[in-house]
């Protein structure tokens, strides 16, 4: 059982979503497939430590993040979910919806660990909370990422993504190109994570791990801004899946041009092709790229694509 004192509440009507029901109707729904009995017992071998995350978007879900450790001498595969989430000073039943997410941890080596995050909604009041974890075994060798799985429109395969990006996925799913990029990512095993990247780097795609990274600093900005940046990196993931992504040479520059074009198309569509005012540096850059993509592609090459010379040369 874990306790956190003074949890900050989230907005009840987040800007990134219309309603929770619409979010589900758009296709983002957690699923957990039946799992066979594994040789090792996750409930016996796993232990977890976690706390509420403090760097989530203001309109995103509250998250419990932590680490699961395998204390046994054999590899163990399993899942984690909450079995209780209660206000410390209240005897009421657990918070509604606390057990919605079952998170696949995959196979953890003896003495090894796996990070995890469990979304627990937006409506938690500022208070102290206690919670309990439950574990379930998976077949030996099973994969997992410690992240929630989101169902993508037109795909039967879940997309594993940091819950901080939930609103971004919702926005991308409203745009035809965004749907195509999400579908391709889900069907090619691409994982979406957030971490603190080098200053000035909004996002990255790691070919070896098939992982899209979004800079954690962008959590201070709106979900449409992150959605456009996600489109850029997901275009790289699509090129990788189609065998067109190159780490160097002229084709590398062509890959970047395609990614900026995808980013521009999504950004314009998210604003109904009427670009917003440039109220901050990220929005200013997205607006500039979008205008150049339409009116001056050569200037786009000179101002933005050429900046990748250190990567493509």
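The values are calculated or read from the model by the stated rules, or taken from the named source; none is laboratory data. The structure presented is a predicted model; accordingly, all values stated were derived computationally and were not measured. Glycine gets a Cβ as well: all are built from the backbone with ideal geometry, and neighbour counts include every protein chain shown.
Key figures for this structure:
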read-out	value
Answer residue from region 176-191, given it is touching a residue at least 40 places away in the same chain (Cβ under 8 Å) and not in a helix (DSSP H, G or I) and is surrounded by the fewest Cβ atoms within 10 Å (Cβ to Cβ) among those	188
Count of region 112-133 residues which are more than 23 Å from the chain's Cα centre (by Cα), under 16 Å from residue 66 (Cα atoms) and either in a loop (DSSP other than H, G, I, E, B) or not assigned by TED's automatic domain parsing to the domain that holds residue 56 (or both)	1
Subset of region 192-209 that is touching a helix residue (DSSP H, G or I) at 6+ places or on another chain (Cβ under 7 Å) and assigned to a loop (DSSP other than H, G, I, E, B) - its residue that is nearest to residue 116 (Cα to Cα)	196
Within region 213-258, tally of residues that are part of a helix (DSSP H, G or I), surrounded by 20 or more Cβ atoms within 10 Å (Cβ to Cβ) and touching a residue at least 24 places away in the same chain (Cβ under 8 Å)	18
Residue check, residue 148 touching a strand residue (DSSP E or B) at 6+ places or on another chain (Cβ under 7 Å) and surrounded by fewer than 19 Cβ atoms within 10 Å (Cβ to Cβ)	no
Qualifying residue in region 263-279 (condition: farther than 30 Å from residue 189 by Cα and surrounded by 20 or more Cβ atoms within 10 Å (Cβ to Cβ))	no
Odd one out for residue 113 among (1) buried (at least 19 other Cβ atoms within 10 Å of the Cβ); (2) at pLDDT 95 or above	(1)
Residue 172 vs. criteria under 23 Å from residue 283 (Cα atoms), in contact with a strand residue (DSSP E or B) (Cβ under 8 Å, 6 or more places away or on another chain) and in the same structural domain as residue 247 (by TED's automatic domain parsing)	no
Candidates 45, 16, 72, filtered to the one that is modelled with pLDDT of 50 or more, crowded, with 18+ Cβ neighbours inside 10 Å and over 20 Å from the mean Cα position of the chain (by Cα)	45
Residue among 237, 163 that is farther than 23 Å from residue 304 by Cβ, touching a strand residue (DSSP E or B) at 6+ places or on another chain (Cβ under 7 Å) and not assigned by TED's automatic domain parsing to the domain that holds residue 53	163
Matching option when the condition is under 16 Å from the mean Cα position of the chain (by Cα) and at pLDDT 95 or above, among 269, 262, 237, 220	237
